[in-house]
Amino acid sequence: MSLSTTKLANFLADDQLTKAQILSLIDLAKKIKANPTDYNQALAGKSVAMIFEKPSLRTHVSFDMGISKLGGHALYLGQQNGKLGERERISDYANNLSCYADAIVARVFSNDSIEGLAKHASVPVINALCDLYHPCQALADFVTLSELFDDISTVKFAYVGDGNNVSNSLMIMAAIVGVDFTLVCPQGHGPEQTMLDKATAFAQASGSKLVFTTDIEEIGEQDVIYTDTWVSMGDEDPSKKAAILEKFAAYQVNHGLMAKTGASKVMHCQPAHLGEEITTELFDDKDKSVVFQEAENRMWAQNAVLVTLLAG
Ligand code: NVA
C-alpha cells in the first residue's frame, strides 16, 4: 500500500514515506521525548501485538516500555508459534490478530511476511526489521541526527560495512529527506541494485548527493560514520566467518577512520561485534559515540509512529 499521501496507514518501509511524513515523525518523536506525560494516555485502551521471528533486545524492550508510556498494552509473541506462515497462513495470522489488537509490530525474516501481514490485517502494521529494511532504526537515527545537528540537510553521513537492512533504510531515508549519503561496502556486499535505484531516484528528487563505493579510500570528508554488524541475524555461517573477517578488515570503523574523514560522531544500531566492525575504544568513546542516544531514541521514534497511526 502506498503511503505517499499525508495519512500513514502502516509503517513498512522507508521508501513508502514522504519527506513531510518523515520530518513530521521526527518532530513528534522529539515532542514526546520532551514532554512524555502529555502523551501518557495516547494509547489508552489500545493493545499492540508484537511478533518476533528473530532475537531482539532494543526493539522488544523499546516497543514494550514505549507502549506502556503511552498508556497502552503490548503483547509479545515469540517463537512459540514457529515461523510465520508455517503453522498458520500469514493471512490467518493477520486476520486473527486484527480481532484483538489495535496494531501489529513484526520482526520477520522476509519482507514478504511484512507485506502479507499488512495486506490482510485490518489494523496498522509496523516493520520492526526484516531482510530488506529496518525503518524504526532509521527513523530513530534521524531523530538522533536532528538532536546533534541544527540542520540535518547539511550533514555528511556515511555508512561503512555490510550493505544490509539497516544501510538500505538509512540510505533511502537520507535520500528522501535530502541528506548527503556515502555508502562504502566491500565488493559483493553492497546493496541490491533495486535499492540503489530507488535511493538514486529519491536523491535526485531531494537534491542530495548519493555515493556508493567499494573503495574505503574514496570515503571523503564526513560528519557522521555509521556501521552495523558484518553478518546479520539469520545469515550466520561459522564456515564463512574467517573469510568475512579478512574481507571486511579494511572497513573497520575506528579512531583512524574518524580522524581521516573528520567525522565527529559514530553511530551503530547494535548489537555490536566489538573489535570487528567497530573498535571497543570508539564504541566506548563518550565524545564520539552516540550509540545509547540512538538506542533511547528507538522508543521515542516508535512512539511517534504509534501515536500517528493509532491516536489520530
Ligand atoms: N543488520 C542487523 C541489524 C540488527 C539490529 C541484523 O539484521 O541482524
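Numbers at a glance
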item: Flag if Tyr100 is aromatic (Phe, Trp, Tyr) and surrounded by fewer than 19 Cβ atoms within 10 Å (Cβ to Cβ); result: yes
item: Hey, Asp38 at pLDDT 95 or above, surrounded by fewer than 20 Cβ atoms within 10 Å (Cβ to Cβ) and out of contact with any helix residue (DSSP H, G or I) (no Cβ under 8 Å at 6 or more places or on another chain) or not; result: no
item: Boolean, Ala94 is buried (at least 16 other Cβ atoms within 10 Å of the Cβ), aliphatic (A, V, I, L, M) and in a helix (DSSP H, G or I); result: yes
item: Selection status of Gly163, assigned to a loop (DSSP other than H, G, I, E, B) and open to solvent by less than 60 Å² (accessible area, probe 1.4 Å); result: yes
item: Single residue of Leu117, Leu84 found to be assigned to a helix (DSSP H, G or I) and touching a strand residue (DSSP E or B) at 6+ places or on another chain (Cβ under 9 Å); result: Leu117
item: All positions within the range 130-160 that are aliphatic (A, V, I, L, M), open to solvent by 10 Å² or more (accessible area, probe 1.4 Å) and not in a helix (DSSP H, G or I); result: Leu132
item: Positions within the range 203-227 being within 13 Å of Phe157 (Cα to Cα) and part of a strand (DSSP E or B), in sequence order; result: Leu210, Val211, Phe212, Val224, Ile225, Tyr226, Thr227
item: Selection within the range 152-167 - more than 16 Å from the ligand (Cβ to nearest atom) and either in contact with a strand residue (DSSP E or B) (Cβ under 6 Å, 6 or more places away or on another chain) or farther than 22 Å from Ile219 by Cα (or both); result: Lys156, Phe157, Ala158
item: Every residue from the range 249-289 that is assigned to a loop (DSSP other than H, G, I, E, B) and over 21 Å from Gly163 (Cα atoms); result: Gly262, Ser264, Asp284, Asp285, Lys286, Asp287, Lys288
item: Residue in the range 54-68 that is farthest from Asn35 (Cα to Cα), counting only those that are within 13 Å of the ligand (Cβ to nearest atom), buried (at least 18 other Cβ atoms within 10 Å of the Cβ) and in contact (Cβ under 8 Å) with a residue 60 or more places away in the chain; result: Ser56
item: Total residues in the range 219-264, condition of a type in the set (A, V, I, L, M, F, W, C), within 16 Å of the ligand (Cβ to nearest atom) and open to solvent by 20 Å² or more (accessible area, probe 1.4 Å); result: 3
item: Which numbered condition Thr280 fails, given (1) out of contact with any Ser or Thr (no Cβ under 8 Å at 6 or more places or on another chain); (2) open to solvent by 40 Å² or more (accessible area, probe 1.4 Å); (3) within 16 Å of the ligand (Cβ to nearest atom); result: (3)
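The values are calculated or read from the model by the stated rules, or taken from the named source; none is laboratory data. The structure presented is a predicted model; accordingly, all values stated were derived computationally and were not measured. No Cβ is skipped: glycine too gets one built from the backbone with ideal geometry, and neighbour counts run over all protein chains shown. For accessibility, only protein heavy atoms count, side chains too; no ligands or nucleic acids. Shrake-Rupley method; radii C 1.70, N 1.55, O 1.52, S 1.80 Å.
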